[in-house]
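A short write-up of the structure that comes next.
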2 protein chains.
Amino acid sequence: MHDTLLMIPAGEAALRLEKVKARMKAENIEHIIVRDTANIFYLTGRVFDGFIYINASGNPTYFVRRPNTIHHCKDVVAVTKPESMPEHIDVPQGSEIGLELDSLTYAMATRIMKAFNAKAVNASAVMRKVRSVKTGMELEMLREDGIKHDHVYSKIPSLFREGMTDIELQVEIERTSRLEGCLGQFRTAGDVMEIHMANILAGDNADAASPYDFAMGGQGMNPSLPVGANGTVIRPGLSVMVDANGNFNGYMTDMTRTFACTGDISEKALKAHQCSIDICRALEKSGRPGAEARALYEEAASIARAAGLEDYFMGHSQHAGFVGHGVGIEINELPVIAPKSRDILETGNVIALEPKFVIPGTGAVGIENTYAVTANGLEALTHSPEQITVFLP
Amino acid sequence: MHDTLLMIPAGEAALRLEKVKARMKAENIEHIIVRDTANIFYLTGRVFDGFIYINASGNPTYFVRRPNTIHHCKDVVAVTKPESMPEHIDVPQGSEIGLELDSLTYAMATRIMKAFNAKAVNASAVMRKVRSVKTGMELEMLREDGIKHDHVYSKIPSLFREGMTDIELQVEIERTSRLEGCLGQFRTAGDVMEIHMANILAGDNADAASPYDFAMGGQGMNPSLPVGANGTVIRPGLSVMVDANGNFNGYMTDMTRTFACTGDISEKALKAHQCSIDICRALEKSGRPGAEARALYEEAASIARAAGLEDYFMGHSQHAGFVGHGVGIEINELPVIAPKSRDILETGNVIALEPKFVIPGTGAVGIENTYAVTANGLEALTHSPEQITVFLP
């Protein structure tokens, strides 16, 4: 029997738990039951089917279905159903329990409330907010991702073959990435976003509007998964935007680079690509603790406007309503860099900035980097060359 | 402007809708609001972010966020939030509305109920039951999947290289499958199951218990995704079980085959593999309309017992509690072939049977096929050779 189910050092787990408890106290929530996979991973460094009970001033209880999956650790309570939890913890009848109501199913939430004779309050925001400020160890995980992510991107030019389609290139990028250790999975918050490993957009497919909250769209290969590559042949004059999965350890860096198979990309597209780089350079300075997320968005949009590129900024037929977003265990964390965002940057936030443009006739251009927010501005965690890389035939 | 958002023929969409309405009438549900991606795909042949309102005796209404993603079809009502739905449809105050409470988030369900001043009833089972009996067109989609799935599996022996790890082999299978048109995605019902494209198990990693409802486990490459390949080197004496994604069109066939890099697999493992084939042969005859799912499970388990293999059946350190499951848009549909299942097989069900064994020291052996239930028994949709295929060095 093991002592603990934790797959992160005990001190690290305690630090994360204290962050949650501090937030619980600030919001006057005494009990939280965690079910969401991303939050379970945050609190323990592993994924299991079960629940974590957190008391704002006590020790957590780990409830696990199939406890032999975690080697019968001493700190685990085996349960087969949520109704078995109340006998193991002290939650007075009629209490308010924080539940992740933005991700928990209605059926599960009502079972838990009934089991405890409790009233639910929404704890999704508590967990999102806590996770938006990374610990030192989390920052290290993300730095490690960035290095591997860069390494995969450095190989992309060698994967191109003349006459290739966008999806064929994507498959070779997927293979390279998986051999480098990419886990493949994009964890997303919210109930509808789906994608497989990468969004690779060649030419006007970049202008196919997305049904999801992704920055860019793409028609996809099948209406069951309407995003990304659609079989476009990569030919001279088209841009190829590569936004591929950077999950090598359960955390995700987010990076986009633009490629082209010869140099004859339109002047407008080249200008827009440079504008994207300029926006990143500017926001790297403005992105300090205390900065308003919406001010960063406005700064990005105003640079695009000043360049006369507002019609192409964050899409053409449809415009995404943000220029950046937090990343970590999930691809869409806090803060959100958007016009109506109320988020304020804090030291330890990790954000992806993706000022992208869609130029009709050419395709998508621009870059995306992942950054840690530090007292001196943004620290880049992704470092691949930012200019458009030309595929040699 | 297009006439319709439907990506399946109008007659097919009407047929599926009539099946839902018949079930609604049988269960006395007058209104359903569909949100689940799998159900939206079922009803329209496409995926979008929105809702479908179904009245048991009227026409459906398609509510779509970002309607430019579907080209402003005439039959679409654009909404940005669920609160905008009531003004467009006639649902009396205080009505009962069927919602997919097993998959809908608590937050979204309560927003819809509040918007309509309605009471929710769980419509998840209605949709699951309807989708468990495939239409002729759906069966054709699954047959098409099976042919492509077979084609990918026929290439697996050529992908093996001496000294390869399980994950390296998996990456080559993923690439081959993606180039054949596999979409990569496993849609699953339920709130916790995650996997990336395939479960490939070499040697004793097959005995690592799964936290999920998968038949087999595997430690995985990282605790954030604890399933499947763990980096085991494929060496003589070990079995390699390949259970790889068969989603080429939004529907999924499920198939498993066993490989080995030389012929010296233990006698017990060879016997267990033959037992798996024998179980499939037997159930292909017993699996007729009207058959009880639990009787099929019992027949499979009794064949394993008669062979003295019950300790290894469906796992060794942990035993999966089923031998088969429906497949279609999701990998875990009805009926469930399990000891306590109350499901009765019907013509048009599509099920995967996976009588597998884990033999310590060797690994997982056995096969899995996908079948359509017909009046004459089970029609196989996957046809790859069933004996253990030996990788030649």
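Assorted remarks:
- One chain, two ends: residue B:387 and residue B:93. Fully extended at 0.36 nm per residue, the span grows by 99.7 nm beyond their Cα-Cα distance.
- Helix-only CD estimate at 222 nm, as mean residue ellipticity for chain A, using -39500 (n - 2.57) per DSSP H run (n ≥ 4): -9500 deg cm²/dmol
- For chain A, share of DSSP beta bridges that run antiparallel, in % to the nearest 5: 80
- For the range B:90-234, the Rg and Dmax computed from alpha carbons only, in angstrom: 20.8, 68
- Three-way shape label, the protein assembly as shown, alpha-carbon gyration tensor, a/c 1.5: rounded
- Under the criterion of Cα pairs below 8 Å and six or more residues apart, the relative contact order for the range A:44-158 equals 16 percent.
- Percent RCO, i.e. relative contact order, over chain B, from Cα pairs under 8 Å lying at least 6 residues apart: 15
- In this structure, the pairs whose alpha-carbon distance is over 18 Å, taken from A:19/A:129; A:81/A:114; B:271/B:356; A:21/A:134; B:19/B:148; B:19/B:129, are B:19/B:148.
- Cα gyration tensor shape for the range B:292-393, rounded if a/c is under 1.5, else prolate or oblate: oblate
- Relative contact order of the range A:98-171, pairs being alpha-carbon contacts under 8 Å that are 6 or more residues apart, as %: 25
- Helix B:293-306 and the long axis of chain B differ in direction by around 10°, with both axes built from C-alpha atoms.
- 10 Å beta-carbon shell around residue B:356, net charge (K/R +1, D/E -1): -3
- Compared with the rule-of-thumb size 2.2 N^0.38 Å for a compact globular protein, the range B:270-345 has a Cα radius of gyration ratio of 1.08.
- The other copies place their residue A:321 label points at 4.2 nm from this one, listed shortest first, where each point is 7 Å from Cα along Cα→Cβ.
- Chains B and A together bury roughly 4700 Å² of accessible area, counting both sides, with a 1.4 Å probe on protein heavy atoms only.
- With all protein chains in place and a 1.4 Å probe, the accessible surface of chain A carries 52 percent carbon and sulfur.
- Distance from the alpha carbon centroid of the range A:8-23 to that of the range A:332-374 works out to 28 angstrom.
- Measuring heavy-atom accessible area with a 1.4 angstrom probe and counting protein chains only, none of the residues of the range B:107-133 gives up at least 50 Å² relative to the chain alone.
- Here is how far apart the residue B:95 label points are across copies: 4.0 nm, shortest first, using a point 7 Å from Cα toward Cβ.
- On a per residue basis, the range A:248-347 carries 38 Å² of accessible surface, using protein heavy atoms and a 1.4 Å probe.
- Summed over the residues of the range A:66-185 and divided among them, the accessible surface reaches 41 Å² per residue at a probe radius of 1.4 Å.
- Rounded tilt (10° steps) of A:166-179 against the dominant C-alpha axis of chain A: 50
- For residue A:121, label point 7 Å along C-beta direction: distances to other copies, nm: 3.5
- Interface residues in the range A:32-47 - accessible area drops by 30 Å² or more relative to the isolated chain, probe 1.4 Å: A:35, A:37, A:47
- Fraction of alpha-carbon pairs over 32 Å apart in chain A - percent: 37
- Positions from the range B:217-254 whose accessible area shrinks by 40 Å² or more when the full protein complex is built, not the chain alone, probe 1.4 Å: B:222, B:223, B:224, B:225
- Separation between Cα centres of the range B:177-193 and the range B:222-278, rounded to whole Å: 18
- In chain A, the longest principal axis of the Cα atoms and the axis of helix A:136-159 are about 30 degrees apart.
The values are calculated or read from the model by the stated rules, or taken from the named source; none is laboratory data. Just so we're clear, the structure is a prediction, and the values are computed from it rather than from any experiment. Neighbour counts are summed over all protein chains in view; Cβ atoms, including those assigned to glycine, are modelled from backbone coordinates with ideal geometry. What goes into the accessible areas is simple: the full protein's heavy atoms, side chains included, and nothing from ligands, DNA or RNA. Shrake-Rupley method; radii C 1.70, N 1.55, O 1.52, S 1.80 Å.
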